[in-house]
Amino acid sequence: MPRYATIDIGTNTVLLLVAARSAGRPGEQSSFGPVVERAEITRLGRGVDRSGRLEPRAIEDTVKVVARFADEARTLGAECIACVATSAARDAANGASFFDAARAAAGLVPEVISGDEEARLVWASAWRDFGEGAGALAVLDVGGGSTEVCLGDGPRPRARRSLQIGAVRLTERIAPPDPPDTAALSSLRLRAGEALQRAAELFPGGLSGRLVGVAGTVTTLAAVERELPVYDAGVVHGAELTRSALEGLYARLGALTTAERARLRGMEPKRADVIVAGCAIVLEAMRLLRFDRLTVSDRGVRWGLMYDRFGDG
C-alpha cells in the first residue's frame, strides 16, 4: 500500500502523520491507516502576539523537529509529504526566515494556510470520524494561536470561523501569576468569551447536534481528567468531556503552579503553562455555543490534510 505523510506546524506543536492508503470498495472512499504519529511541542509562536516576529530560537527548535519528522517519513517510505504552517507563521512578519531554514534543513517548504483553510481541514478530519449519524456537527479546534469553529451536516462545513485566540496567545496576553489568582482566572474567561462571540454568531439559538473538540488542549484535558499514566490515543479519541467536569478541572488546574501541573498524570509537561488558558477557551466556547458535553478528537489538521491531498478528493 502506498504511504504518504503530513506535517502540521502550529503555534505550539509540530505534528507528523505517516499513513498507508488502501483503496475502498466500489463506491467507498479510500481509507488511511496510521503507520506512525508524532507530536512535539516547540512553541514556534512564542512572543509572536507581542512582537509580530518569530524568535530565532523558536525557528531553530521547530526546524530541527520538522527535519527529523521529514527524515522519518522518507525512511518509512512516504511517497509525498504535505507540510502546512498555521497561526504563528501566518502572523509573523519574518516568516520567510522560517521557510528558508525549513527548506535547507528538511528539503520542504511549509505552506502557510489561512484560518479558513485550517478550519476546513479540521472539519474534514472530524466529519470522517464522527459525522455519520450525528445530524448537525460542530467542531472546536483550540490551537496555540488561533481557535477554529465549524458547523455543518455533511462532508463540507456550512459555516466556519477562525479566531485570533489560542492557549499560547491568551496566556501571553493575560500573563497570569503562577499560580493564577482569582482575578487572572476571571480575566482568562472574560477575554476568551469576548473573542468567541464571533463564533457564537454562527449558532443563533444554539445547536442540537454533537460538539467535537480537537487538538492538544482538549486531548490533554481528557488525559488529565482520566489520570492516564501514559498518553493513549485509543482512550482519548472518542472520549467525552462534560462541561461540569471541565469546570472542576479549571478550578483544580488554576489552583496549581506550572510545576505542580506538569507533574499531574495525563499532563504533557510542556503544555502545563498554557493549559489553564486553553481550558478557559473550551469552557467559554461550550457556554456560548450551549453545549454541555463534547467528544474528544485526537486527530485534526494532519488527518484532514491527508484526506485532502492524498485521498479521493
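The values are calculated or read from the model by the stated rules, or taken from the named source; none is laboratory data. Nothing here was measured: the structure is a model prediction, and the numbers come from that model. All Cβ positions, glycine included, derive from the backbone under ideal geometry; neighbour counts span all protein chains shown.
I need the full set of residues from segment 105-119 which are over 21 Å from R299 (Cβ atoms) and either outside any helix (DSSP H, G or I) or without any contact (Cβ under 8 Å) to a residue 12 or more places away in the chain (or both), in order please.
Those that are over 21 Å from R299 (Cβ atoms) and either outside any helix (DSSP H, G or I) or without any contact (Cβ under 8 Å) to a residue 12 or more places away in the chain (or both): G107, L108, V109, V112.
Taking strands (runs of 3 or more DSSP E) that do not extend beyond segment 1-91, which have at least 1 residues that are of a type outside the set (A, V, I, L, M) and at pLDDT below 95?
The qualifying strands (runs of 3 or more DSSP E) are 13-22, 31-41, 78-85.
Which residue is farthest from R191 (Cα to Cα), if the candidates are limited to segment 257-313 and must be of a type in the set (A, V, I, L, M) and assigned to a loop (DSSP other than H, G, I, E, B)? Before you say what the answer is, go through the steps one by one.
We begin by selecting, within segment 257-313, every residue of a type in the set (A, V, I, L, M); these are 259, 262, 264, 267, 272, 274-277, 280-283, 285-286, 288-289, 294, 296, 301, 305-306.
Right, trim to assigned to a loop (DSSP other than H, G, I, E, B) and you get 264, 267, 272, 274.
Working: L264: 26, M267: 24, A272: 20, V274: 15 Å.
Residue satisfying both the conditions and the ranking: L264.
Pick from V122, V139: which is of a type in the set (A, V, I, L, M, F, W, C) and not in a helix (DSSP H, G or I)?
V139 is the lone residue from the list that is of a type in the set (A, V, I, L, M, F, W, C) and not in a helix (DSSP H, G or I).
Taking A223, is it assigned by TED's automatic domain parsing to the domain that holds T295, part of a helix (DSSP H, G or I), buried (at least 19 other Cβ atoms within 10 Å of the Cβ) and touching a Phe, Trp or Tyr at 6+ places or on another chain (Cβ under 7 Å)?
So A223 passes the test.
Sort through T182, T217 and tell me the only one that's touching a residue at least 40 places away in the same chain (Cβ under 8 Å), polar (S, T, N, Q) and not assigned by TED's automatic domain parsing to the domain that holds G47.
T217 is the lone residue from the list that is touching a residue at least 40 places away in the same chain (Cβ under 8 Å), polar (S, T, N, Q) and not assigned by TED's automatic domain parsing to the domain that holds G47.
Restricting the search to segment 148-184, which residues are buried (at least 17 other Cβ atoms within 10 Å of the Cβ) and either over 22 Å from the mean Cα position of the chain (by Cα) or assigned to a loop (DSSP other than H, G, I, E, B) (or both)?
P157, I165, G166, P176, P179, P180, A184 - these are the residues of segment 148-184 that are buried (at least 17 other Cβ atoms within 10 Å of the Cβ) and either over 22 Å from the mean Cα position of the chain (by Cα) or assigned to a loop (DSSP other than H, G, I, E, B) (or both).
Please enumerate the residues belonging to segment 92-133 that are buried (at least 16 other Cβ atoms within 10 Å of the Cβ), modelled with pLDDT under 90 and among the aliphatic types (A, V, I, L, M).
If the condition is that a residue be buried (at least 16 other Cβ atoms within 10 Å of the Cβ), modelled with pLDDT under 90 and among the aliphatic types (A, V, I, L, M), then A92 is the only one that fits.
Quick grid of which residues meet (1) in contact (Cβ under 8 Å) with a residue 60 or more places away in the chain; (2) under 24 Å from L44 (Cβ atoms):
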site: L249; (1), (2): no, no
site: R265; (1), (2): no, no
site: R271; (1), (2): yes, yes
site: V274; (1), (2): yes, yes
site: A277; (1), (2): yes, yes
site: V282; (1), (2): yes, yes
site: T295; (1), (2): yes, no
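For segment 160-179, which positions are touching a residue at least 60 places away in the same chain (Cβ under 8 Å) and either in contact with a strand residue (DSSP E or B) (Cβ under 7 Å, 6 or more places away or on another chain) or farther than 27 Å from S114 by Cα (or both)?
I165, G166, A167, P176, D178, P179
Condition (residue is more than 19 Å from the chain's Cα centre (by Cα) and over 23 Å from M306 (Cβ atoms)) applied to segment 71-84: is it met by at least one residue?
No.
For every residue, the table says whether it meets (1) touching a helix residue (DSSP H, G or I) at 6+ places or on another chain (Cβ under 9 Å); (2) surrounded by fewer than 17 Cβ atoms within 10 Å (Cβ to Cβ); (3) modelled with pLDDT under 95.
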{"position": "Y231", "(1), (2), (3)": "yes, yes, yes"}
{"position": "S244", "(1), (2), (3)": "no, yes, no"}
{"position": "R263", "(1), (2), (3)": "yes, yes, no"}
{"position": "G266", "(1), (2), (3)": "yes, no, no"}
{"position": "R271", "(1), (2), (3)": "yes, no, no"}
{"position": "G278", "(1), (2), (3)": "yes, no, no"}
{"position": "F291", "(1), (2), (3)": "yes, no, yes"}
{"position": "W303", "(1), (2), (3)": "yes, no, no"}
{"position": "R309", "(1), (2), (3)": "no, yes, yes"}
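Which residue out of E79, E118 is acidic (D, E), in contact with a strand residue (DSSP E or B) (Cβ under 8 Å, 6 or more places away or on another chain) and closer than 21 Å to G278 by Cα?
One residue alone meets the criteria, E118.
Where residues in segment 48-82 are among the polar types (S, T, N, Q) and closer than 19 Å to R38 by Cβ, which of them is surrounded by the fewest Cβ atoms within 10 Å (Cβ to Cβ)?
T75
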